[in-house]
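The values are calculated or read from the model by the stated rules, or taken from the named source; none is laboratory data. Remember, it's a predicted structure, so these values are computed and weren't measured experimentally. Ideal geometry is used to build each Cβ from the backbone, glycine not excepted, and the neighbour counts take in all protein chains shown.
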Amino acid sequence: MPTQRRYFVYILSSRTKRLYIGVTNDLERRVSQHKRHEIEGFTSKYDIDQLVYYEETDDVHAAISREKQLKGWMRIRKIQLVQDINLEWHDLAADWFD
């Protein structure tokens, strides 16, 4: 019996609310990589490691399309999306790791 694939579009934030949008098929692993700064580049440079928003789908094409859509939005709209479900900007993955 085939297992259903899961894909996530996510938004990470720094403490100063600099944003990063990504897509993955393993949210816990990917967030862990960001928190440990294993991924060189933008997120490491600006200490972007707090998961503030995510969506889940079983369609990889929908996930990629949604990621592109969110990246095309103006910053104020991205902030509103986060605040609609996470007004205090809590790290949704704060208790996922030891």
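Run down Arg36, Arg18 and say which single residue is more than 10 Å from the chain's Cα centre (by Cα) and closer than 15 Å to Ile79 by Cα. Walk me through how you get there before you give the answer.
Details: Arg36 fails: closer than 15 Å to Ile79 by Cα.
Going through Arg36, Arg18 in turn, just one is more than 10 Å from the chain's Cα centre (by Cα) and closer than 15 Å to Ile79 by Cα: Arg18.
Does Arg66 satisfy being part of a helix (DSSP H, G or I) and loosely packed, with under 13 Cβ neighbours inside 10 Å? Walk me through it before giving the result.
On the way: part of a helix (DSSP H, G or I): yes; loosely packed, with under 13 Cβ neighbours inside 10 Å: no.
The answer is no for Arg66.
Condition test on Lys71, is it part of a helix (DSSP H, G or I) and of a type outside the set (Asp, Glu)? Outline the logic, then answer.
On the way: part of a helix (DSSP H, G or I): yes; of a type outside the set (Asp, Glu): yes.
In short, yes.
For the subset of region 23-47 comprising residues that are touching a helix residue (DSSP H, G or I) at 6+ places or on another chain (Cβ under 7 Å) and outside any helix (DSSP H, G or I), which member is modelled with the lowest pLDDT? Before you say what the answer is, go through the steps one by one.
So in region 23-47, the residues touching a helix residue (DSSP H, G or I) at 6+ places or on another chain (Cβ under 7 Å) come out as 23-24, 34, 37, 39, 43.
If we keep only those that are outside any helix (DSSP H, G or I) as well, we get 23-24, 37, 39.
On the way: Val23: 98, Thr24: 98, His37: 92, Ile39: 85.
For region 23-47, the residue satisfying everything is Ile39.
Could you tell me how many of the residues in region 1-23 are on the phi > 0 side of the Ramachandran plot and either buried (at least 18 other Cβ atoms within 10 Å of the Cβ) or among the aromatic types (Phe, Trp, Tyr) (or both)?
0
Does region 24-45 include one or more residues that are touching a His at 6+ places or on another chain (Cβ under 7 Å) and either farther than 16 Å from Phe8 by Cβ or buried (at least 18 other Cβ atoms within 10 Å of the Cβ) (or both)?
So far as region 24-45 goes, yes, one or more of its residues are touching a His at 6+ places or on another chain (Cβ under 7 Å) and either farther than 16 Å from Phe8 by Cβ or buried (at least 18 other Cβ atoms within 10 Å of the Cβ) (or both).
Which condition breaks for Ser13 when tested against (1) modelled with pLDDT of 95 or more; (2) more than 18 Å from Phe97 (Cα to Cα); (3) polar (S, T, N, Q)?
Status for Ser13: all satisfied but (2).
Looking only at region 1-51, count how many residues are without any contact (Cβ under 8 Å) to a residue 60 or more places away in the chain, touching a Leu at 6+ places or on another chain (Cβ under 7 Å) and of a type in the set (Val, Ile, Thr).
Qualifying residue count for the region: 3.
Which of the residues that make up region 74-93 are in a loop (DSSP other than H, G, I, E, B) and touching a residue at least 24 places away in the same chain (Cβ under 8 Å)?
To start, the set of residues in region 74-93 that are in a loop (DSSP other than H, G, I, E, B) comprises 74, 86-93.
Those that are in a loop (DSSP other than H, G, I, E, B) and touching a residue at least 24 places away in the same chain (Cβ under 8 Å): Asn86, Trp89, His90, Asp91, Leu92, Ala93.
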